[in-house]
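Working notes, beginning with the structure itself.
The values are calculated or read from the model by the stated rules, or taken from the named source; none is laboratory data. Just so we're clear, the structure is a prediction, and the values are computed from it rather than from any experiment. Methodologically, a virtual Cβ is constructed for each residue, glycine included, from the backbone with ideal geometry; neighbour enumeration extends over all protein chains shown.
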Amino acid sequence: MRSEITIDLGALRRNVKTLLRALDGAELWAVVKADAYGHGAVDCADAALAAGATTLCVATVPEALQLRGEIPTARILVLGPTSSREVAQARDAGLALVVSAHDIPEGVAVHVKLDTGMGRWGTSELPSLSREVVGVMTHLATADSDRDFAGVQIERFREATDPLSHLTRHVANSAAALRLPEARFDAARCGIALYGLSPFGTDPGEDGLEPVLSWTSEIAQSKLLHAGESTGYGRRFVAERDTWIGILPLGYADGFRRDLTGTEVRVGGERRRVIGAVSMDATAVELDRELPPGTPVTIVGHGMPLEEHARVADTITYELTSRINTSPTRARRVITDS
Ligand SMILES: *Cc1c(COP(=O)(O)O)cnc(C)c1O
């Protein structure tokens, strides 16, 4: 199969349990924006709710409406900003909205967002609260990297919202849910950790998480480059000696980014280096011998952590996973339940 994405919902449920243990009584809200970071929003939302998550969080009203169509009874919170037309849609669909302004819409549940240091969405002071307001929240800029600054944000939030403990107060993302007990409040909004990826860019096993997604392909063709011959656009890899290479039938249009040259994938169980320029639909790996077409290749999973690719591409797993192309025109998606 040219590109196969396997989603292990058993692993996702175990990650939910791990987070619930870390949260010690606070609710877990499953962040399934961007099609559950590329993992499939409806499948992941169903599994997370079954395992004990109590609300679904998405970025946009259209994302929320799609989920509402499939999961009629779930609580759904839209984290991003909304137009007035979308407020009306949200009201009709029974969604909850995050509001970062002083005018609170009517007839729809609202969570007011305070900016305590992220410097992005949110108001710097709380607006006067109408009866629509059911929650108050903030978002941490450095839960994964700077505990001190996260502590400053948490304290600002605590001071501003202390008189509002009758509302649902929520601050933590995955990193804070796992490592900052003082950020727990009433609920945590967790995305990356649900999918078994480390918010810290390290081995997810350190926090008891199991990767949910694996990505496999195959060698579509292997060929011998004689010394001096090259592979791919720009001749960015030139063989110094006779070298067997394998061509995978996927590339940056599938989400295997162009800056992943140099990373490794597992070919028939052995680690092999990606060489030359990754193109739209093809990627070359260096082999030590000729291999038959159809030889399996593991790109992510089974000992090939996404965190490693993220380091090579100088990015974070969030960006890689949310951009894997899962369209049926490019990949086959398989659901398992271990
Ligand atoms: C995306 C998002 C989250 C989830 O963050 P993770 O690091 O993936 O857990 C939480 N809160 C808000 C406001 C978000 O936009």
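Do the conditions hold for I299, that is, is it at pLDDT 95 or above, within 20 Å of G269 (Cβ to Cβ) and not in a helix (DSSP H, G or I)?
Taking the combined requirement at face value, the residue satisfies it.
Could you run through the stretch 134-147 and say how many residues are among the charged types (D, E, K, R) and within 11 Å of the ligand (Cβ to nearest atom)? Walk me through how you get there before you give the answer.
We begin by selecting, within the stretch 134-147, every residue among the charged types (D, E, K, R); these are 144, 146-147.
Next, from what is left, pick out any that are within 11 Å of the ligand (Cβ to nearest atom): 144.
Of the residues in that region, 1 qualify.
Does the stretch 302-329 hold any residues that are part of a loop (DSSP other than H, G, I, E, B) and either of a type in the set (K, R) or touching a residue at least 60 places away in the same chain (Cβ under 8 Å) (or both), and which are they? If you could, list the steps in order and put the result at the bottom.
Kept after step one, since they are part of a loop (DSSP other than H, G, I, E, B), are these residues of the stretch 302-329: 302-303, 305, 313-316, 323-329.
Residues satisfying the conditions are H302, P305, I316, R323, I324, N325, T326.
Look at R131 and say whether it is exposed (fewer than 15 other Cβ atoms within 10 Å of the Cβ) and either within 16 Å of the ligand (Cβ to nearest atom) or assigned by TED's automatic domain parsing to the domain that holds A59 (or both).
yes
Output the qualifying pairs, or none if there are none: Cβ atoms under 6 angstrom, residues six or more apart or on different chains, first residue in the stretch 71-91 and closer than 17 Å to T123 by Cβ, second residue of a type in the set (S, T, N, Q).
Listed by first residue and then by second, the contacts come to G80/T60.
Kindly indicate the residue of the stretch 197-212 that is within 14 Å of the chain's Cα centre (by Cα) and of a type in the set (G, A, S) and also surrounded by the most Cβ atoms within 10 Å (Cβ to Cβ) among those meeting that condition. Even if it seems obvious, please write down each step before you answer.
Within the stretch 197-212, the first condition is being within 14 Å of the chain's Cα centre (by Cα), and the residues that meet it are 197-201, 204, 209-212.
Then drop every residue that is not of a type in the set (G, A, S), which leaves 198, 201.
Working: S198: 25, G201: 17.
It comes out as S198.
Just the residues that are within 14 Å of the ligand (Cβ to nearest atom) and on the phi > 0 side of the Ramachandran plot, please, taken from the stretch 178-230.
F185, G196, G201
Inside the stretch 248-266, can you point out the residues that are surrounded by fewer than 18 Cβ atoms within 10 Å (Cβ to Cβ) and either on the phi > 0 side of the Ramachandran plot or more than 28 Å from the chain's Cα centre (by Cα) (or both)?
Result: G262, single match.
Within the stretch 148-171, take every residue that is within 21 Å of H102 (Cβ to Cβ) and of a type in the set (K, R) and give me the one that is farthest from the ligand (Cβ to nearest atom).
Checking each candidate, the answer is R156.
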